[in-house]
Each structure stands twice: as C-alpha cells, then as structure tokens.
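A short write-up of the structure that comes next.
The values are calculated or read from the model by the stated rules, or taken from the named source; none is laboratory data. The shown structure was predicted, so the numbers you read here are calculated from the model rather than taken from an experiment. With ideal geometry, Cβ positions are generated from the backbone for all residues, glycine too; neighbour counts draw on all protein chains shown. Only protein heavy atoms, including side chains, enter the accessible area calculation; ligands, DNA and RNA are left aside. Shrake-Rupley method; radii C 1.70, N 1.55, O 1.52, S 1.80 Å.
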Amino acid sequence: MSGEGEVIACHTIEVWTEQLKAANESKKLIVIDFTAVWCPPCRFIAPVFVDMAKKLLNVVFFKIDVDELQSVAKEYKVEAMPTFLFMREGEIVDRVVGARKDDIHKTLKKHGGVVASA
C-alpha cells in the first residue's frame, strides 16, 4: 500500500479494491473522503484533509470521486458530499457528513488517529 502521509486517490474499481484490501490488512484506521469536483464544500475541505494525512501517519486516507466511482459511493450509502467514512478492518466505525473540520478531527481522535492540533 502506497500513500503514507498522503491522500490516496482511487480512480478505478481495481485500484480501489487493491488499496482498500492493503489498508484493511494494515489494521490502521481508514478515512475515506467521498467528494465531487463540482462541490464547493469539497474543494474547501480538500487541503485540510491533505494536511491531516501528512500529520497522521497511523491513518490511511482515501479520496473517492462519487462521479468516477458511483458504485463505491452507492455501496457505502453516500448521499451528500463531502462524506467522510471511518473504517477499521473492513467495518464502518463512524461517518461525518459535510465539510466539518472540527467534527472530522474529533472523530479521528475518537478512533485512534492522534491529532496534534485542530
């Protein structure tokens, strides 16, 4: 699995499946940003999400464009963008809907992603 310290963007089902399998095997907390290029709140939160990935090396960060991978968004019941899905070993443990930086930080901390500063 590549991408330590960065957000892993998945543009095909094959890449998503391979990267998710590796992330699950790592037993790390996984955070998936379900986003869309046409979504202003998604563009607002994107650099914040990248910054989190740089600081939290014990968490795997993914970005999924809901228009590119509609089946993945549907599988995880994503209905609004951005949606941040928190997983561990294949199980959904939490979700934050909206570009709510503080809630994302709190949820990361709650599930073991240690946040240095909000």
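The phi torsions of the range 39-47, fed into the Karplus equation with coefficients 6.51, -1.76 and 1.60 and a -60° offset, translate into couplings of 9, x, x, 5, 5, 5, 7, 3, x Hz, rounded to whole numbers, with Gly and Pro shown as x.
Given a 1.4 Å probe and the protein chains all in place, what does the accessible area of W38 round to, in Å² to the nearest 10? Surface open to solvent at W38 totals about 150 Å².
Determine how large the accessible area of K77 is when every protein chain is in place; take a 1.4 Å probe and give Å² rounded to the nearest 10. Ignoring ligands and nucleic acids, K77 comes out at about 150 Å². Measuring only protein heavy atoms, the 1.4 Å probe finds R88 accessible over about 80 Å². Taking all Cα pairs closer than 8 Å and separated by 6 or more residues, the relative contact order of the chain comes to 32 percent. Summarising the label geometry, the points placed 7 Å from Cα in the beta-carbon direction at E18 and K106 lie 3.9 nm from one another.
Close amide H partners of V93, meaning residues 5 or more places away or on another chain with modelled amide H under 5 Å apart, are F86, M87, R88.
With distances taken between every two different alpha-carbon atoms, the chain has a Kirkwood hydrodynamic radius of 13.9 Å.
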